[in-house]
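Trainee: Would you mind keeping the following structure in view while I ask a few things?
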Amino acid sequence: MSEQLTARTIQITGANGDEIQAYLATPDETDEPGPRGAVLVIHHMPGYDRASKEIVRRFAELGYDAICPNLYWREAPGAAPDDAAAVARAQGGVPDERLLGDAAGAIAYLRALPTSNGKVGVIGYCSGGRQSVLVACNLDVDAAVDCYGAFVTGTPPEGSLRTNLVDQLPNLRAPLLGMFGKDDKYPSPEHVAELDDILTANGKPHDFHSYDDAGHAFFSVDRPSYRVAAANDGWAKIAAFYGEHLATTASTPTGA
Amino acid sequence: MCTYATVHADMDGSAKGPGSEWFHVTAATVYFDHPVHAMAEHTLNIDLADAAKGPNGRVALELRADSARALIKAIQDALDSVPEELRV
């Protein structure tokens, strides 16, 4: 736990070598001298907004270097988050390949920090929940958290740039923590059960929690979907999960 | 959920937007998804935009589904009320 932290906007190299904006929060050296783990935060579809940045700072408070790339930087550099999200939406959204390139750039940035113990977790909310699973199926991460990502299983709408991830799940490279609301329709309890069954059949470690009296986006503190009991318990489980999988161990490499 | 589904329509008209300035509207983007400001989990969202004006060149609406249906009816009623000789 870090009482003091630093947060700032930086540029990182994303997909296709593009320079994109990212929000970085790091614990103070005196509180967390390192080496330490790191977390990649994937923002929800409404964008790189204040609530997403609050999440990044919370991971720094928990003792991790944390970063959130602005996935809409190319479409709308410097725009307000809601305007950027609208432009990105009008242009079809973020293709999976580009998301993976941006995530790879962010992960490389985190591992190159002098404080890095080499371990990186990924977490995403809403559309970012699906993208978190996508990252864990394709990139080298040590732990992944899916917060109510739709269309990991199930059928995306016709014409969507996205597919479900069913054919990629056998490639999942990291333990997956799933956070879901029982009242959610996408993903529904049936979608979550299908994901659970597929991961079990493939021998993939996972730990799912589905909350009563919670639907989609129950972690969103600035939306009517916020559910304090589910969110508080969810944050505790996330902290424990990353504490287990991102901790520095005797065999953990240090530095870049 | 994020629905991902987005409907586009070409537009030719004007809107009063950022800075209380009028601008030419060339496109409408319509989708049912999370609002930014409305106190609802999902709303019918309409962005009336001129892409040439950049990301903030838009008027954004977030309407509850019943309000969106009421707007459709109001628009249709207004169009239906136009005298025959003024219709184009």
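Trainee: Have a look at A:87, B:52, A:5 and report the one farthest towards the positive end of the charge dipole of the protein assembly as shown, computed about the Cα centre with Cβ charges (Lys/Arg +1, Asp/Glu -1).
Mentor: Going by the charge dipole, the pick is A:5.
Trainee: Within chain B, which is the longest segment that contains none of the trypsin sites (Lys or Arg not before Pro) sitting in a DSSP loop with at most 15 other Cβ atoms within 10 Å?
Mentor: B:1-63
Trainee: Now, a different point. Might you tell me the accessible area per residue for chain A, computed with a 1.4 Å probe and given in Å²?
Mentor: With all protein chains present, chain A gives 39 Å² per residue.
Trainee: Rounded to the nearest 500, what is chain A's calculated 222 nm mean residue ellipticity when only DSSP H runs of at least 4 contribute -39500 (n - 2.57) each, over all residues?
Mentor: Using -39500 (n - 2.57) per qualifying helix, the result is -10500 deg cm²/dmol.
Trainee: How much of the accessible area of the stretch B:7-83, in percent, comes from carbon and sulfur atoms when a 1.4 Å probe is used?
Mentor: Within the stretch B:7-83, the accessible surface is 60 percent carbon and sulfur.
Trainee: For the interface of chains A and B, what total accessible area is buried with a 1.4 Å probe, rounded to the nearest 100 Å²?
Mentor: 1900
Trainee: Further question: Among B:70, A:118, B:37, which residue has its Cα furthest toward the positive end of the charge dipole of the protein assembly as shown, with +1 on Lys/Arg Cβ and -1 on Asp/Glu Cβ?
Mentor: Positive-end residue among those listed: A:118.
Trainee: Net charge within 14 Å of residue A:140 by Cβ-Cβ distance, Lys/Arg positive one each and Asp/Glu negative one each, not counting residue A:140 itself?
Mentor: With Lys, Arg at +1 and Asp, Glu at -1, the neighbours total +2.
Trainee: Let me ask something else about it. Determine the distance separating the Cα centre of the stretch A:18-67 from the Cα centre of the stretch A:71-138; give it in Å without decimals.
Mentor: Using only Cα atoms, the two centres lie 12 Å from each other.
Trainee: Please sort by residue number the GluC sites (Glu not before Pro) in the stretch A:10-65 whose DSSP state is loop and whose Cβ has at most 13 other Cβ atoms within 10 Å.
Mentor: Of the GluC sites (Glu not before Pro), the ones in loops of the stretch A:10-65 whose Cβ has at most 13 other Cβ atoms within 10 Å are A:29.
Trainee: Where the accessible area of the stretch A:122-256 is counted over protein heavy atoms with a 1.4 Å probe, how much of it, in %, is carbon and sulfur?
Mentor: Whole-percent figure for carbon plus sulfur exposure: 50.
Trainee: With chain B treated as a Gaussian network of Cα nodes joined by springs under 10 Å, which of B:21, B:62, B:41 yields the largest mean-square fluctuation?
Mentor: Evaluated over chain B, the most mobile residue of the options is B:21.
Trainee: Shifting gears a bit: Could you work out, residue by residue across B:48-60, how many beta carbons of other chains sit within 10 Å of that residue's beta carbon, and then give the average as an integer?
Mentor: 4
Trainee: Taking the simple approach of a point 7 Å from Cα along Cα-to-Cβ for both residue A:30 and residue A:166, what is their distance in nm?
Mentor: Rounded to a tenth, the inter-label distance reads 5.6 nm.
Trainee: What is the spin-label model distance, in nm, from residue B:32 to residue A:112 if the labels are put 7 Å beyond Cα along the C-beta direction?
Mentor: Reported label-point gap for residue B:32 and residue A:112 is 4.5 nm.
Trainee: Of A:21, A:66, A:55, which is farthest towards the positive pole of the stretch A:5-245's charge dipole, taken about the Cα centre with +1 and -1 on the beta-carbons of Lys, Arg and Asp, Glu respectively?
Mentor: Towards the positive end, the residue furthest out is A:21.
Trainee: With a/c under 1.5 counting as rounded, go ahead and sort the protein assembly as shown into rounded, prolate or oblate using the C-alpha gyration tensor (a ≥ b ≥ c being the square roots of the eigenvalues; past the cut-off, prolate if a/b is larger than b/c, else oblate).
Mentor: Prolate.
Trainee: Considering only C-alpha atoms, what is the centroid distance from the stretch A:183-229 to the stretch B:64-88, in Å?
Mentor: When both Cα centres are located, 41 Å separates them.
Trainee: Spin-label point model (7 Å from Cα, Cβ direction): what's the residue A:196 to residue B:20 distance in nm?
Mentor: The answer from the label model is 5.7 nm.
Trainee: Another question, then. Where nothing but the Cβ of Lys and Arg (+1) and of Asp and Glu (-1) is charged, how large is the charge dipole of the stretch B:31-88 around its Cα centre, in debye to the nearest 20?
Mentor: 140
Trainee: Sort A:44, B:42 by accessible area with a 1.4 Å probe, largest first.
Mentor: B:42, A:44
Trainee: Let me ask something else. Would you mind working out the accessible area per residue for the stretch B:7-83, using a 1.4 Å probe, and quoting it in Å²?
Mentor: 62
Trainee: Please compute the Kirkwood hydrodynamic radius over the stretch A:79-178, one decimal place, Å, based on all pairs of different Cα atoms.
Mentor: 14.4
The values are calculated or read from the model by the stated rules, or taken from the named source; none is laboratory data. All figures in this text were calculated on a predicted structure; none of them were measured in a lab. Every residue, glycine as well, gets a Cβ built from its backbone with ideal geometry; the counts of neighbours run over all protein chains shown. For the accessible areas, the whole protein counts, side chains as well, though only heavy atoms, and no ligand, DNA or RNA atoms are used. Shrake-Rupley method; radii C 1.70, N 1.55, O 1.52, S 1.80 Å.
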